[in-house]
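Peer 1: After the C-alpha cells below, expect a handful of questions from me.
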Amino acid sequence: MSTEEIQRLGKELIDILHLKTSPVAVRLVKTDEELPADVPRITENIRHCQMVDNVRRKGSQFYAVIDDHMCKGGAAVMGLTEMGEKLKTGEVYYHLKHFGSMDAAKNTMEKVPRVPAHSVKAVLYSPLETTKFDPDVILIITNPKQVMELSQALLHKNGGRVNASFAGKQSVCADGVAYPYISGEAGVTVGCSGSRKYTEIKEDEMIISIPVDMLPGLVASARTMFSN
C-alpha cells in the first residue's frame, strides 16, 4: 500500500464518518535511516498523548525521540526506554490512590502492553490524510457512536468481535499504540487520567486504534455501510 493510497483512505474515512478531527498515523522507527527527511523533529517537550492530540486537532506532523517525551511511562510502553521501577511496580498509581493495594497496582501494570525497551529510536506522528510516511498504527479519537460504527465496519466482512482491553491507565500510549502494534488487532480504550488532564480529549470521546493493514478493509466496509 503506497503512502498516497493511505492518504486517500484517510481522507475518505473522514468524509464517510464526518470525523471532526483527523485520524493519527503513528510509526515506531527502529533506525535513524527510517526517518523521512521532510518530517521535522518536534520542538517542544510534551507527552505522547499531547502529541497525538495536537496532530489530530492542528494537523502538525513531526517525529519525537526519547528526550522529547515528557512522560517517560508513555515512551517506555512504546519501546523508547525502560519503564521506571516505581511505575512498573504500580507504586506511582498506588500513591495516587488509584488502587487499594500495591498488589492490585502491580497486577495491573504487569498486564500493560509494552514494546520491548530500546527497540524504538523515534516515533513519527501525522494526520493520516497528509502522512508522508507509512504508519504502523492509526488512532482515531472520536465519540462513542463513531467508535461503534468503526467497530461494525471492522467486522463487516469476516465477523467476530473487537476485544477491548484497558484499565484506564497508559491509554493513548499502551492501549492506543503498543497493543495494536504488538497484537496485530484493533483496540478500543477509554482514556486515562493523564491523557484527559493534559489534552483536549473530551469527556464524550474515546479511542479506537488499528494496525495499518486493516485500513483498506475498514474504509471499504464503512463506505458500504455508512455512505449517504
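The values are calculated or read from the model by the stated rules, or taken from the named source; none is laboratory data. Since the model is a prediction, treat every value here as computed from it, not as a measurement. We place every Cβ from the backbone using ideal geometry, glycine too, and count neighbours over all the protein chains shown. Accessible surface is based on the protein model in full, side chains and every heavy atom, while ligands, DNA and RNA are left aside. Shrake-Rupley method; radii C 1.70, N 1.55, O 1.52, S 1.80 Å.
Peer 1: Quick test of your reading of the structure: G10 fulfils all but one of (1) in contact (Cβ under 8 Å) with a residue 24 or more places away in the chain; (2) under 30 Å from K111 (Cβ atoms); (3) of a type outside the set (D, E); (4) not in a loop (DSSP other than H, G, I, E, B). Name the failing condition by number.
Peer 2: The number of the failed condition is (2).
Peer 1: Within segment 55-73, which residues are open to solvent by less than 30 Å² (accessible area, probe 1.4 Å), of a type outside the set (D, E, K, R) and at pLDDT 95 or above?
Peer 2: V55, F62, A64, H69
Peer 1: Among the residues of segment 87-99 satisfying the criterion of being within 24 Å of the chain's Cα centre (by Cα) and either charged (D, E, K, R) or assigned to a helix (DSSP H, G or I) (or both), which is nearest to R114 (Cα to Cα)?
Peer 2: The extreme case among them is K88.
For (1) of a type in the set (S, T, Y); (2) at pLDDT 95 or above, each residue gets a yes or a no:
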site: M83; (1), (2): no, no
site: K86; (1), (2): no, no
site: T89; (1), (2): yes, no
site: Y94; (1), (2): yes, no
site: P116; (1), (2): no, yes
site: V123; (1), (2): no, yes
site: S126; (1), (2): yes, yes
site: T131; (1), (2): yes, yes
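Peer 1: I'd like to verify a number: residues in segment 100-111 that are out of contact with any helix residue (DSSP H, G or I) (no Cβ under 9 Å at 6 or more places or on another chain) and either open to solvent by less than 30 Å² (accessible area, probe 1.4 Å) or assigned to a loop (DSSP other than H, G, I, E, B) (or both), how many?
Peer 2: 1
Peer 1: Looking only at segment 186-228, which residues are open to solvent by 60 Å² or more (accessible area, probe 1.4 Å), in a loop (DSSP other than H, G, I, E, B) and free of Cβ contacts under 8 Å to residues at least 40 places away in the same chain?
Peer 2: K202, E203, N228
Peer 1: Output the number of residues of segment 162-212 satisfying the condition of being in contact with a helix residue (DSSP H, G or I) (Cβ under 7 Å, 6 or more places away or on another chain), of a type in the set (K, R) and more than 27 Å from G84 (Cα to Cα).
Peer 2: 0
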